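The values are calculated or read from the model by the stated rules, or taken from the named source; none is laboratory data. All values reported here derive from a predicted model rather than from experimental measurement. In this analysis, Cβ positions are derived from the backbone assuming ideal geometry, glycine residues included, and neighbour counts consider all displayed protein chains.
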Amino acid sequence: MTEPVALVGAGPGGAGLLTLAGREAIAHAQVLAYDSLVSPDILALAPEGASRIPVTRRSDPDAVRQEDIVPILAQKAKAGFRVVRLKGGDPFLYGRGYEEKAAMEALDVPVEVIPGLTAALAVPACAGIPVTCGDLSGSVHILSGSPRTGKTLELDYEALVRVGGTLVFLMAMENLEAICAGLLAVGLPPDTPASLVENGALLTQRRVNATAETLPRAAREAAVKEPAVLVLGEVCGL
């Protein structure tokens, strides 16, 4: 009998922000395939005898590439193993979770989706930034700062500035300077408060504050690295 694969969102940081449903699925996993940003204390929740499979989008001789993981997990599920596919944050928000779900279902493997707390909302909160707040911001807009492989980053900067509210970018460090320059070029005030939160929801979390104009320099001086969440808007000034 084919067991359903549990597609689990691990949340933004440690096990304390993992959902109860996610914890339960991991605790009963026989096969655990996990992305590189998943916290070690979440991986430790799996049974000692569970098979652990690291998954990566990059070249890593010790990990399975993301495009190769679906057939492996489908085979395990059809053999009757309880399989968990563990992704950072929420699997359906820039996690390619739906693509993997559709690919497994095409192989006649059912999938149970267990959502996770997205870093786009949780990391700013952990750093003391409310993404909406009274008259300062009535909306929040979540974007990826990293293009799909082989593509260039294309954003409608004019629309983002026109609509207002808080902008939250995931995976934006590589294109931080271009994002800030693009927003400024279409009218975002240079003194708009901006923040980067590195290692959000972890003990090593730190927040770098600046403005839309000065943030790229502040990030270089502070040597900010991924994973980091970029937030722009008046709420960063609170």
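Residues being in contact with a Cys (Cβ under 8 Å, 6 or more places away or on another chain) and among the acidic types (Asp, Glu) are entirely absent from region 112-133.
Take the conditions in the same structural domain as residue 103 (by TED's automatic domain parsing) and out of contact with any strand residue (DSSP E or B) (no Cβ under 9 Å at 6 or more places or on another chain) and apply them to residue 9. Does it pass? Taking the combined requirement at face value, the residue does not satisfy it.
Taken together, the residues in region 166-207 that are of a type outside the set (S, T, N, Q) and crowded, with 18+ Cβ neighbours inside 10 Å amount to 21. Confirm whether residue 13 is small (Gly, Ala, Ser), outside any helix (DSSP H, G or I) and under 25 Å from residue 170 (Cα atoms). For residue 13, the condition - small (Gly, Ala, Ser), outside any helix (DSSP H, G or I) and under 25 Å from residue 170 (Cα atoms) - is met. Among all positions in region 34-53, there is at least one residue which is surrounded by fewer than 15 Cβ atoms within 10 Å (Cβ to Cβ) and hydroxyl-bearing (Ser, Thr, Tyr). Where strands (runs of 3 or more DSSP E) sit wholly within region 79-148, those with at least 1 residues that are surrounded by fewer than 17 Cβ atoms within 10 Å (Cβ to Cβ) occupy 111-114, 140-144. If only residues of region 45-63 that are within 19 Å of residue 148 (Cα to Cα) and part of a strand (DSSP E or B) are counted, the one that is modelled with the highest pLDDT is 55.
Checking each residue in region 24-43 for being more than 18 Å from the chain's Cα centre (by Cα) and in a helix (DSSP H, G or I) picks out 24, 25, 26, 27. Working only within region 44-95, note down all residues that are touching a strand residue (DSSP E or B) at 6+ places or on another chain (Cβ under 8 Å) and basic (Lys, Arg). 52, 57, 65, 76, 82, 85, 87, listed by residue number.
Criterion first (under 28 Å from residue 125 (Cα atoms), in contact (Cβ under 8 Å) with a residue 24 or more places away in the chain and not hydrophobic (A, V, I, L, M, F, W, C)) does residue 80 satisfy it? No. Mind listing just one residue for me: the one in region 188-202 that is of a type in the set (A, V, I, L, M) and touching a residue at least 40 places away in the same chain (Cβ under 8 Å) and, of those, farthest from residue 236 (Cα to Cα)? The extreme case among them is 202. Here are some conditions: (1) in the same structural domain as residue 68 (by TED's automatic domain parsing); (2) modelled with pLDDT of 95 or more. Residue 95 meets all but one. Which one does it not meet? It is condition (2) that residue 95 fails.
Among the residues making up region 194-236, those that are closer than 23 Å to residue 12 by Cα, in contact with a Pro (Cβ under 9 Å, 6 or more places away or on another chain) and in a helix (DSSP H, G or I) are 235, 236.
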